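See structure below.
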Amino acid sequence: MNEATTSRVSFGKAPKGIRWSVGNVPDDWVRFGCRMDESEKHAARASEGHRDVDFEDESSMTGNCDTFDPADKKAVLRQFTYGLYAVAAKHGDDRGIFTANWLSQISFDPALVMVSIERQSSTLSLIESSHRFAIAPLATGSRELAGSLGKPRARTGDKYDAVGFETVSTREGILVPAAALGFVSCVVESITDAGDSVMVVGRIVEAVMFGEVAGSMPLTMRETGFRHSG
C-alpha cells in the first residue's frame, strides 16, 4: 500500500454489533470488502484525527458489497468440499427423499446440523409439517443412487418406488437408504429463508452407524463429478 495515497479515518454510528476500526484506508476506499460511494468518501474525509463522524443519513453508508467477478466467485465456490447425503422426511402417509450437499454440523452441544433446501423441494413441505427429518451420509460408490435421489419428484413420482433401494427406518418411521453409512434423525429447531433456498437447522435425537459399512468412505461431489455450487 502506498502511504502517500492513504488517509487515517474512523467511522461513527456503525451498524448494530459492528465497531468501525481505525486504520489506513486506500484511495479506492474499500471498507469491509465494500466499495464506498462518493457520499461516504466525503464523510470520511470530513473527519479529523480519530474523531467519529456522525452521518445524518446512515442509509448512505450501504456501499456496494457485490464487487466481485462472477466467474471468480463460481470458481472459488466450486473449490468448497462437499459430501453427498440422503435427506428424508414423512408426514402422514406422504414421504420424500432427496440428495443434498449443502449440509454441515454447526454445534457440538446441543448436537445441531443444518441443511440448505431449494424452495421447490417437495420434501421441504414434509419437513415443515412434521418438524422431523433424517440425514444419511452416502457411501463411496453410490453415485447412481445419489443421482437418482437428486431428481425432482415431479419427474419421478415416489422415489422410494421409482428407484427401488433397500431402506432402514428411524424411530420416527422415516426411511433412509440401507446402503448409506448410517443416519441421524433430527427435530427441527429453526427454518430460515436463505436467498433462493431455505436453511433448516435440526437437533439430533437419534444416531445410528451401520456396522456392515463401518470403515467405508463417504461419497463426495468430487468423486461423482456432480456440480451444485457456484
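The values are calculated or read from the model by the stated rules, or taken from the named source; none is laboratory data. All figures in this text were calculated on a predicted structure; none of them were measured in a lab. Backbone-built Cβ (ideal geometry, glycine too); neighbour counts: all protein chains shown.
Which residue is modelled with the highest pLDDT, if the candidates are limited to the range 59-84 and must be farther than 25 Å from Leu138 by Cβ and in a loop (DSSP other than H, G, I, E, B)?
Checked the range 59-84; the qualifying residue modelled with the highest pLDDT is Asp69.
What is the one condition in (1) basic (Lys, Arg); (2) in a strand (DSSP E or B); (3) touching a helix residue (DSSP H, G or I) at 6+ places or on another chain (Cβ under 8 Å) that Lys151 does not satisfy?
For Lys151, the failing item is (2).
For the range 186-226, name all the residues that are free of Cβ contacts under 8 Å to residues at least 40 places away in the same chain and assigned to a helix (DSSP H, G or I).
Within the range 186-226, Gly211, Glu212 qualify.
So Ile135 ticks every box in (1) touching a strand residue (DSSP E or B) at 6+ places or on another chain (Cβ under 9 Å); (2) modelled with pLDDT of 95 or more; (3) over 23 Å from Asp193 (Cβ atoms) but one. Which box is left unticked?
With respect to (1) touching a strand residue (DSSP E or B) at 6+ places or on another chain (Cβ under 9 Å); (2) modelled with pLDDT of 95 or more; (3) over 23 Å from Asp193 (Cβ atoms), Ile135 is out only on (3).
Going by the structure shown, is Arg171 at pLDDT 95 or above and either on the phi > 0 side of the Ramachandran plot or surrounded by fewer than 12 Cβ atoms within 10 Å (Cβ to Cβ) (or both)?
yes
Restricting attention to the range 96-118, and to residues there that are within 16 Å of Val205 (Cβ to Cβ) and touching a Gly at 6+ places or on another chain (Cβ under 8 Å), which single residue is surrounded by the fewest Cβ atoms within 10 Å (Cβ to Cβ)?
Leu112
Taking the condition buried (at least 17 other Cβ atoms within 10 Å of the Cβ), of a type in the set (D, E, K, R) and on the phi < 0 side of the Ramachandran plot, does Lys151 pass? Before the answer, list the steps.
Values: buried (at least 17 other Cβ atoms within 10 Å of the Cβ): no; of a type in the set (D, E, K, R): yes; on the phi < 0 side of the Ramachandran plot: yes.
Judged against the criteria, Lys151 is not a match.
Test Phe183 against the criterion of being over 15 Å from Trp102 (Cβ atoms), in the same structural domain as Ala86 (by TED's automatic domain parsing) and part of a strand (DSSP E or B), and give yes or no.
yes
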